[in-house]
Amino acid sequence: MAEPWRDRARRAVEWNWRLRSAGDPRPHYVICGKDALAYYVARAMLESELPAGGARVTVVVPERYRSNGPDVAGLRGLRVVRSDRLDVATFAAAGLAGATGLALLHQDDVGNLHAALCAQAVDQRVRQVLRMFNGTLADGVRKLLKAPVEVLSDAEMAAPAFVAAALNEVDPSSFQHRDKTLRVARRADVRTQDVVCALAHFTEAQGVELLPAEQAGADLVLAEATGQPPGTEVAARRLVRARRRRRPVAVVMGAVRGFATRKIGIAVMLVLALIAVLGALISRAEDVSPLEALYLTLVTTLSGADPDTTKAADAQIMQVVLNLAGLALIPLITAVVVDGIVNARLALHTGRLQPARAGHVVVIGLGNVGTRVMAQLREYDVEVVAIDKDPEPRGATLARQLEVPLVVGDAALPETLAAASVADCQALVVASTDDVANLEAALAARDLRNDLRVVLRLFDGDFAERVEETFALGVSRSVSYLAAPAFIGALTERAVISTIPVDRHALPVAEVPVAAGSELDGRPLDMVNRDGQVRLIARTPAGGAKTIWWKDLDPRQVIFAGDRLTVVARRRGLDWLTRQCAPPAPGKVAMPHGHPGAVPRPVPAAPGAVRSAGPPSVPGEQVPPTDQGSTPSASDAAHPVSPPRPPAVTVVPSPQGAGLGQRPAEPNDDGVRDEPDASAARSG
């Protein structure tokens with residue numbers, strides 16, 4: 001049988017790639033994965049301008065798979081290798097030997113570990129980035145592998161954003177760098193002296209403005225943690241365990257409804273109704289009081305009565321019927337007791353027999369992300385109720401340890417949501433791995449309460465955006481989108497310290513080393529900051545000197561080779577800064593001073609003298625006047641600043657420096673892409 005034309009075309013494309021890649025000097029990256037995280041990482045590597053000319057990307061995907069989000073194999077410009085096993089043969093076919101980096105992004109901790117060992121057998125020097133959920137296993141992998149390895153958890157990185165959205169607060173996470181702990185906060189919640197830099201400004205007309213030039217008017221800032229409780233922690237304390245409203249009648253009726261099956265309940269009700277009617281007739285026929293009639297009815301029903309032929313015929317008939325009803329009632333009572341005990345045990349096991357709650361957070365799906373969200377909410381002492389179809393999901397053990405009730409059932413069913421008291425909760429986090437199931441659960445919850453705050457996880461970004469606009473379901477979040485910058489930084493060996501989620505964007509915090517002969521070597525610090533793209537927050541001088549933080553940074557201070565610059569940036573801004581800090585390309589000849597393409601460099605000075613550096617080479621930029629009589633501070637003595645330059649001096653821009661003060665034409669450049677993305681799996 002002839003090979004299908006689509007397979008022939010695919011094989012031809014792959015063979016052509018193999019021919020083109022032979023002797024290609026560009027760095028080669030191999031990415032193994034099939035979900036949205038692999039898509040975002042591969043796309044960012046293809047779009048990255050580092051190094052000049054881009055990079056070669058090979059993606060290893062299964063032979064046949066169903067993509068629940070963007071299809072990584074559909075990206076243009078990459079080589080696709082299809083294999084169901086990540087073994088030595090697969091990595092050899094993917095050209096792993098001599099590659100720059102390997103990303104193992106499947107949602108299988110053990111499978112990724114086995115693939116890492118196989119990759120190590122092919123090339124021990126290739127840098128590996130593994131996606132893992134189990135923290136204990138991740139620590140072991142770092143010690144086990146001989147190759148340079150970085151182990152990351154996308155669920156751990158994305159969970160704070162889900163928690164913040166559920167509590168209607170900012171991201172509660174913080175990170176430590178050097179000797180300081182930094183956190184994200186609202187501008188009104190922190191002191192002015194603790195503000196490191198502005199992160200975002202929210203407006204109705206323009207939406208969110210990232211890294212704005214105006215620091216004072218920003219709504220969201222990066223601040224130093226100085227013992228003041230973060231805004232989210234304060235909010236969590238306000239929401240601490242809302243008092244459970246006791247509803248005795250509702251609890252009793254719920255217990256009765258769950259005590260027996262519907263058929264047995266109907267049979268019991270019919271028999272009791274028959275006994276009540278016959279008791280009333282006996283009371284009227286024998287002309288006795290209601291208490292005496294109740295006594296005669298119960299005795300006759302439960303123990304029978306002596307036959308009396310002297311009674312009237314209608315009385316004898318009622319007596320016989322009562323005896324028959326009594327015979328039917330006794331086994332029904334036994335069935336109710338047995339069935340009730342069994343149902344009660346099942347209800348307790350599945351979590352359906354729960355007291356009414358209010359002010360809690362309901363988490364649907366105890367996979368990787370749901371488990372992290374549940375644990376973090378409990379750290380803030382917020383009451384949580386979990387829902388999952390599986391009686392023993394991944395987070396079941398942790399839920400029992402944290403005393404979190406687990407309701408087993410379909411979250412799209414009203415009875416399941418009612419068992420979790422969704423109508424009275426403060427927020428609903430839908431974090432399972434199925435887009436359709438997530439959407440159904442969100443719509444069912446909105447039917448119970450229109451103003452319910454829903455945090456929805458969807459894989460496909462375009463689908464998430466349209467759902468949010470059409471149904472107004474609440475906040476959409478994508479685990480892959482939030483975690484992708486950290487994986488990209490680890491793969492490209494960038495020192496990404498943390499990733500700050502802002503609305504639907506992700507701002508990486510990174511430390512970039514300055515290489516000798518780079519564009520920024522000998523330039524002032526003012527060259528680093530770019531409004532909307534890069535914000536410098538710290539500088540660590542070469543030689544292990546003490547880190548200089550934002551409070552003591554002078555924009556005139558000179559950057560030297562070996563310095564490490566800590567910045568908050570968008571992705572394209574970080575790409576630009578990395579290029580500016582990279583060593584010059586091989587074969588690049590230093591031009592003499594005065595040449596149009598020359599880059600001004602500092603002139604070595606005697607000990608104690610002040611070195612000078614040229615100002616930013618931006619066309620048409622005016623050099624700000626400086627105080628001629630100012631005395632350098634202690635920090636300036638260790639890090640000399642540029643002396644004032646007369647306005648008459650003409651700055652000749654270099655080709656590389658042209659346009660450094662201008663914002664790029666493409667506004668959507670943070671994280672992996674600037675579009676709303678709500679995940680579904682990012683981790684099951």
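The values are calculated or read from the model by the stated rules, or taken from the named source; none is laboratory data. This is a predicted model, so every value here is computed, not measured. Every residue, glycine among them, receives a Cβ derived from its backbone with ideal geometry; neighbour counts consider all protein chains shown. SASA here: full protein model, heavy atoms, side chains in, ligands and nucleic acids out. Shrake-Rupley method; radii C 1.70, N 1.55, O 1.52, S 1.80 Å.
Numbers for the structure displayed
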item	result
Ala121-Lys546 pseudo-label distance in nm [points 7 Å out on the Cα-to-Cβ vector]	5.3 nm
Heavy-atom accessible area order for Ile282, Ile387, largest first, 1.4 Å probe	Ile282, Ile387
Peptides 509-516, 201-208 ordered by average Cβ neighbours within 10 Å, highest first	509-516, 201-208
Surrounding net charge for Ala280, when Lys and Arg each add one and Asp and Glu each subtract one, Cβ distance under 15 Å	-3
Under 10 Å, Cβ to Cβ, from Glu440 - net charge with Lys/Arg +1 and Asp/Glu -1	-3
Distance in nm between pseudo-label sites at Gln193 and Ala313 (7 Å out along the Cβ direction from Cα)	10.6 nm
Per-pair calculated FRET efficiency, R0 = 35 Å: Asp451 and Lys180 via Cβ, rounded to 0.05	0.30
Whole-number percent relative contact order across segment 356-476, with pairs defined as alpha carbons under 8 Å at least 6 apart	25 percent
Segment 480-557, Rg to Rh (Cα coordinates; Rh as Kirkwood inverse mean 1/r)	0.99
Net lengthening on full extension, Arg142/Ala89 (0.36 nm per residue, minus Cα-Cα)	16.7 nm
Burial ranking of peptide ranges 439-448, 138-147, 37-46 (average Cβ count within 10 Å, highest at the top)	37-46, 439-448, 138-147
Cβ crowding within 10 Å averaged over residues, with 73-79, 30-36 ranked highest first	30-36, 73-79
Förster radius 51 Å - calculated FRET efficiency between Ile333 and Asn134, Cβ distance, rounded to 0.05	0.50
Contour excess over end-to-end distance, with Cα ends at Leu291 and Thr397 and 0.36 nm allotted per residue	32.6 nm
Solvent exposure ordering (accessible area, 1.4 Å, most first) of Trp576, Trp550	Trp550, Trp576
